[in-house]
Amino acid sequence: MNPFERFTELAPISGALCERRQDVNRLLNLDSSWGIAVVRMIMGFVLIITGYEKLISGIQKVSAGMLRNQIPFPTAMAAYITGLELVGGFLLLIGLGGRWLGLLYIAEFLVVTFYVQVPTRGWMDARLPIMLLAGALMLFLSGSGKASVDGALCGTFERNLPARAASRSISPPVE
């Protein structure tokens with residue numbers, strides 16, 4: 001038996017493996033902005049739910065919790081955080097103001113994680129705020145991703161940029 005005959009028997013198998021590798025490579029070529037969009041939308045849903053829970057339980061109850069955790073201006077902060085989570089969560093869903101919301105949520109979840117949760121309840125109970133902090137950092141660094149109002153507005157702005165630049169160009173005076 002020729003030693004190379006064994007390789008010819010394996011040829012159909014290796015061809016199928018190459019096809020599967022190409023399928024996986026196509027998946028890996030997905031635009032990472034779609035991943036950002038998925039995280040942004042899930043974060044928006046979570047924040048809407050937590051904001052709604054704060055609203056339903058009452059600002060006084062949220063304020064009492066903030067007072068217990070020595071958050072300054074507890075009533076004002078309770079109203080601010082409730083509004084930020086409700087309105088900001090909706091804005092995240094549609095993808096408007098992702099970087100700015102990311103910055104605001106970084107501040108919120110730094111306090112929630114390292115000033116409230118970890119010292120009082122430990123790392124295990126701080127997992128959700130840590131993940132929301134990671135999502136906020138991603139939004140601040142990367143923007144809203146695909147399927148967002150930000151993307152649509154930037155696309156419109158970028159398409160009109162050459163026309164705007166041409167209309168604003170200064171031509172030399174005609175003599």
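Observations, loosely collected:
Yes/no matrix, rows are residues, columns are (1) more than 23 Å from ILE48 (Cα to Cα); (2) of a type in the set (Lys, Arg); (3) touching a Phe, Trp or Tyr at 6+ places or on another chain (Cβ under 8 Å); (4) at pLDDT 95 or above:
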{"site": "ALA78", "(1), (2), (3), (4)": "no, no, no, yes"}
{"site": "THR82", "(1), (2), (3), (4)": "no, no, no, yes"}
{"site": "VAL87", "(1), (2), (3), (4)": "no, no, no, yes"}
{"site": "PHE90", "(1), (2), (3), (4)": "no, no, no, yes"}
{"site": "GLY102", "(1), (2), (3), (4)": "no, no, yes, yes"}
{"site": "LEU110", "(1), (2), (3), (4)": "no, no, no, yes"}
{"site": "ALA134", "(1), (2), (3), (4)": "no, no, no, yes"}
{"site": "GLY143", "(1), (2), (3), (4)": "no, no, no, no"}
{"site": "GLU158", "(1), (2), (3), (4)": "yes, no, no, no"}
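- Pairs where the first residue, in segment 66-89, is among the β-branched types (Val, Ile, Thr) and the second is in a helix (DSSP H, G or I), C-beta under 6 Å, 6+ apart: ILE71/MET77; THR75/SER63; THR82/GLY51; THR82/LYS54; THR82/LEU55
- Among the residues of segment 48-86, those that are outside any helix (DSSP H, G or I) and touching a helix residue (DSSP H, G or I) at 6+ places or on another chain (Cβ under 7 Å) comprise ASN69, ILE71.
- Tally, over segment 98-127, of residues that are more than 23 Å from SER148 (Cα to Cα) and touching a residue at least 40 places away in the same chain (Cβ under 8 Å): 4
- Some residue of segment 64-84 being surrounded by fewer than 20 Cβ atoms within 10 Å (Cβ to Cβ), touching an Asp or Glu at 6+ places or on another chain (Cβ under 8 Å) and of a type in the set (Gly, Ala, Ser): no
- Selection from segment 87-100 of residues that are under 13 Å from MET41 (Cα atoms) and either β-branched (Val, Ile, Thr) or in a helix (DSSP H, G or I) (or both): GLY88, GLY89, PHE90, LEU91, LEU92, LEU93, ILE94, GLY98
The values are calculated or read from the model by the stated rules, or taken from the named source; none is laboratory data. Predicted model, so just to flag it, every value in this text is computed and none were measured. FYI the Cβ positions are ideal-geometry reconstructions off the backbone, even for glycines, and counts take in every protein chain you see.
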